[in-house]
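Here the structure comes first, spelled out in structure tokens, and everything after it is commentary.
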Amino acid sequence: MKKKIALGLMFLLQVSLAEAGRTEVSEILSPDGKIAVHVRLAEGGIPVYTVSRAGETVLRPSRLGVLRLDGDFTAGLTVDSVSAAAPVSDRYTLTHGKRRNCAYSANRRVFHLKNAEGKPMQVIFQVSNDGVAFRYHFPGKAEGRVRILREASSFHFDGSARAYLQHCPDARTGWNYSQPSYEEYYQRDIPVGTASPDQAGWVMPALFRSGKHWISLTETAVDTNYCGTRLSQLSPDGEYTVQFPQPQECRGNEPALPQSSLPWSTPWRVIAVSEGLAGLVESTLGTDLAIPARTDAAAWLKPGLASWSWVILKDDSTVFGCQRRFVDFAADMKWRYCLVDAFWDSKIGYEKMKELADYAATRNVKLLLWYNSAGDWNTTPLTPRDKMLTAESRRAEFQKLRDMGVAGVKIDFFGGDGQSMMKYYQSILLDAAKYGLAVNFHGSTYPRGWVRTYPNLVSMEGIKGEEYVTFGQFFADQQPVHCTMLPFTRNLFDPMDFTPVNFSGIPNVKRRTTGGFEAASAVLFTSGIQHIAETPEGMAGQKEFVREYMRSLPEAWDDVKFIDGVPGEYVVLARKTGNRWFIAGINGENRERTVSFRFPAAGVSRKAKLITDSADSGEMIEKTISLKAPVELTLRPHGGFVIRTF
């Protein structure tokens, strides 16, 4: 009798679903079977998907689709066919990042849909053990260029979920109308559905906690045929929608919203999912799905560390004598680079810069030079300005730099995330590679996997970095908590030019972090070129073991392991280089914290050196320890540590 009742209920359910206009649900599973994505057409032909992991809902029914100028692909859709699940895999090597040798494995299904006019759209899902990715593909041909007005793509969280988000200031606001520059503090542990204070929305990568799972939302494989996107300002019922940039985020009259000829593939929407934080921190989804390398920089590009005068000494330091001193500083510290910042064109000039580059070469140091990208999108007055605006002008400039022996450029003050800005970034990268130049973007968006596509991209800012601490006490007060957010958010997949490590102090500002905290930041944060925020005099005043540690910092990492942490409170990570491990931790809170852990890898040396803050004086101390037994350390308020195996 019970069996008949159950069968009857199932029949009624199937009838009701059919009457509601719903089609059969299709499932895509991760290779390990833990992550499940279900895709269907809801009432009205609206495509939706859900995500679960280990039986727990991660995303409730969320929208799919795009609205094109020539057709609506958000509703009124029908299913043409659904491909069978098929495995996909990839292996690749990064010059710098969280892991040198990366591997990707996923299951893929393609949903072939048609809109009410019979125009086709494919939705491609790939599900790996560490997350979900989807993108849209428009096959066929069309006369002229097709335009997308908005995406319906959404991410619908349970109302109990919590968010860790950075808001995006509205375009062409702020100092000299230079926003957005992705330089705000994160709002921590806020209810999903909280509105962004600005219409521009929330930036990605965006971090969420739902039940026992942590989720990161981001995008990758943003090509020149698309804009960068953010999460919507408003997210009723915890449903965040992909939001396009504001109309001002473009170059002149060039497009902000995406347009392209057909066929056309959009960027990947990435949903990294992990039970606990380890799977998230160790994931490489942001580069796994990126476009493979378009340039070959392996023969000439070298990651490394750099001296940099401006962060502490500001514009007055951009003179020949001071920069020669910072070249000597880099040479003494065995760092590969020295960055010369704004106004070098007027305060030093090309002829003397060639002299400085020649001198640097005798010290085995290479120069990096600053440029202002700005055209009509802001009024920033720093020079050299406008050299990058056209292919002709930047190629002529890059030729000069190559002839001078300059190794790379830092280009600042971009105008947002419109399609024309995405094209501008990538055009610079392609041109720079032809002249053997490394590129670091500042006043910028975040990289979106470009470090794989353009290996000469060594870093991007897109973060409220160390320079803000030099601007006033308020920023110094926020620094400890802010730093504990970054390995889980901005620096999760892509390089970040935070410019860490200041031991000796900052004029007119009381630094809140300890020396141990500063030392740890050089390991916790990844950047193809790590610019160090210390002066020659400041470093000379440190104990010899501190200087020796700063000389020993690896130029690139082979692997990463998450040890412990909570975003906004503390973080402990281990990074590998060759057969050595560096374990670093920081305490973002103004109270002591005890951390304990076992060394994460077997088969390597268990002898190590520990640098941390003295419990008595607060000064940095060094001692030899054994990693055979569990490590237990008590961190001072806003303190930190580094352990190096040998």
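The values are calculated or read from the model by the stated rules, or taken from the named source; none is laboratory data. From a predicted model like this one, the values you see are computed outputs, not experimental measurements. Using ideal geometry, Cβ is built from the backbone for each residue, glycine included, and neighbour counts are taken over all protein chains shown.
Does region 298-351 hold any residues that are in a strand (DSSP E or B), among the hydroxyl-bearing types (S, T, Y) and more than 23 Å from E397 (Cα to Cα), and which are they?
Within region 298-351, just S307 meets the criteria.
Taking K609, is it in contact (Cβ under 8 Å) with a residue 12 or more places away in the chain, under 28 Å from the mean Cα position of the chain (by Cα) and not in a loop (DSSP other than H, G, I, E, B)?
Numbers: in contact (Cβ under 8 Å) with a residue 12 or more places away in the chain: yes; under 28 Å from the mean Cα position of the chain (by Cα): no; not in a loop (DSSP other than H, G, I, E, B): yes.
No, not satisfied.
Filtering region 579-608 down to residues that are surrounded by fewer than 16 Cβ atoms within 10 Å (Cβ to Cβ) and modelled with pLDDT of 95 or more, which residue is farthest from R511 (Cα to Cα)?
Only one residue tops the list, namely S596.
Looking only at region 437-470, how many residues end up being touching a Pro at 6+ places or on another chain (Cβ under 8 Å), among the hydroxyl-bearing types (S, T, Y) and crowded, with 24+ Cβ neighbours inside 10 Å?
Residues in region 437-470 being touching a Pro at 6+ places or on another chain (Cβ under 8 Å), among the hydroxyl-bearing types (S, T, Y) and crowded, with 24+ Cβ neighbours inside 10 Å: 3 in total.
Which pairs do you get when a residue that is free of Cβ contacts under 8 Å to residues at least 24 places away in the same chain, found in region 368-397, comes within reach of a residue that is loosely packed, with under 14 Cβ neighbours inside 10 Å and not basic (K, R), reach meaning Cβ atoms under 6 angstrom, with the pair 6+ apart or on two chains?
K387/S393
If V192 meets every condition in (1) within 29 Å of S373 (Cβ to Cβ); (2) in contact with a helix residue (DSSP H, G or I) (Cβ under 8 Å, 6 or more places away or on another chain); (3) of a type in the set (A, V, I, L, M, F, W, C) apart from one, which number is that one?
Among (1) within 29 Å of S373 (Cβ to Cβ); (2) in contact with a helix residue (DSSP H, G or I) (Cβ under 8 Å, 6 or more places away or on another chain); (3) of a type in the set (A, V, I, L, M, F, W, C), V192 violates only (1).
Go through the residues of region 415-436 one by one and say whether even a single one is surrounded by fewer than 24 Cβ atoms within 10 Å (Cβ to Cβ), part of a loop (DSSP other than H, G, I, E, B), touching a residue at least 60 places away in the same chain (Cβ under 8 Å) and basic (K, R).
Within region 415-436, none of the residues are surrounded by fewer than 24 Cβ atoms within 10 Å (Cβ to Cβ), part of a loop (DSSP other than H, G, I, E, B), touching a residue at least 60 places away in the same chain (Cβ under 8 Å) and basic (K, R).
Where in region 499-596 are there strands (runs of 3 or more DSSP E), lying wholly inside it, with at least 2 residues that are farther than 24 Å from L627 by Cα and touching a residue at least 60 places away in the same chain (Cβ under 8 Å)?
Per the criteria, 529-532.
I'd like the residue in region 268-288 that is part of a helix (DSSP H, G or I) and among the aliphatic types (A, V, I, L, M) and, out of all such residues, is surrounded by the fewest Cβ atoms within 10 Å (Cβ to Cβ).
First, pick out the residues of region 268-288 that are part of a helix (DSSP H, G or I): 278-281, 285-288.
Filter once more, keeping what is among the aliphatic types (A, V, I, L, M): 278, 280-281, 285.
On the way: A278: 16, L280: 25, V281: 23, L285: 28.
In this case the residue turns out to be A278.
Could you say whether any residue in region 475-498 is within 19 Å of R395 (Cα to Cα), β-branched (V, I, T) and buried (at least 23 other Cβ atoms within 10 Å of the Cβ)?
No, region 475-498 contains no residue that is within 19 Å of R395 (Cα to Cα), β-branched (V, I, T) and buried (at least 23 other Cβ atoms within 10 Å of the Cβ).
Which of the residues belonging to region 36-75 are outside any loop (DSSP other than H, G, I, E, B), crowded, with 17+ Cβ neighbours inside 10 Å and in contact with a Gly (Cβ under 7 Å, 6 or more places away or on another chain)?
Within region 36-75, P47, F73 meet the criteria.
Anything in region 598-646 that is closer than 18 Å to E518 by Cα and of a type in the set (S, T, N, Q)? List them, or say none.
Residues satisfying the conditions are T612, S614, S617, T634.
Here is a yes/no grid of residues against (1) of a type in the set (G, A, S); (2) at pLDDT below 95; (3) under 25 Å from F413 (Cβ atoms); (4) touching a Gly at 6+ places or on another chain (Cβ under 9 Å):
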position: A206; (1), (2), (3), (4): yes, no, yes, no
position: S235; (1), (2), (3), (4): yes, no, no, yes
position: Q246; (1), (2), (3), (4): no, no, yes, yes
position: N253; (1), (2), (3), (4): no, yes, yes, no
position: E282; (1), (2), (3), (4): no, no, no, no
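When you go through (1) of a type in the set (S, T, N, Q); (2) farther than 17 Å from L457 by Cα; (3) touching a residue at least 40 places away in the same chain (Cβ under 8 Å); (4) out of contact with any helix residue (DSSP H, G or I) (no Cβ under 6 Å at 6 or more places or on another chain) one by one for T362, which number turns out not to apply?
(3)
Based on what the data block shows, is G174 surrounded by fewer than 20 Cβ atoms within 10 Å (Cβ to Cβ), under 27 Å from G462 (Cβ atoms) and either within 21 Å of the chain's Cα centre (by Cα) or not acidic (D, E) (or both)?
Here the answer is yes, as G174 does meet what is asked.
Do the conditions hold for T78, that is, is it under 30 Å from L573 (Cβ atoms) and of a type in the set (V, I, T)?
In short, no.
State whether the residues of region 179-186 include one that is surrounded by fewer than 23 Cβ atoms within 10 Å (Cβ to Cβ) and outside any loop (DSSP other than H, G, I, E, B).
Scanning region 179-186, I find no residue that is surrounded by fewer than 23 Cβ atoms within 10 Å (Cβ to Cβ) and outside any loop (DSSP other than H, G, I, E, B), so the answer is no.
Looking only at residues that are among the hydroxyl-bearing types (S, T, Y) and assigned to a strand (DSSP E or B) in region 90-143, which one is surrounded by the most Cβ atoms within 10 Å (Cβ to Cβ)? Walk me through it before giving the result.
Initially, region 90-143 is screened for residues among the hydroxyl-bearing types (S, T, Y), giving 92-93, 95, 104-105, 128, 136.
In the following step, the residues that additionally are assigned to a strand (DSSP E or B) were identified as 92-93, 104-105, 128, 136.
Working: Y92: 16, T93: 13, Y104: 18, S105: 17, S128: 24, Y136: 21.
Checking each candidate, the answer is S128.
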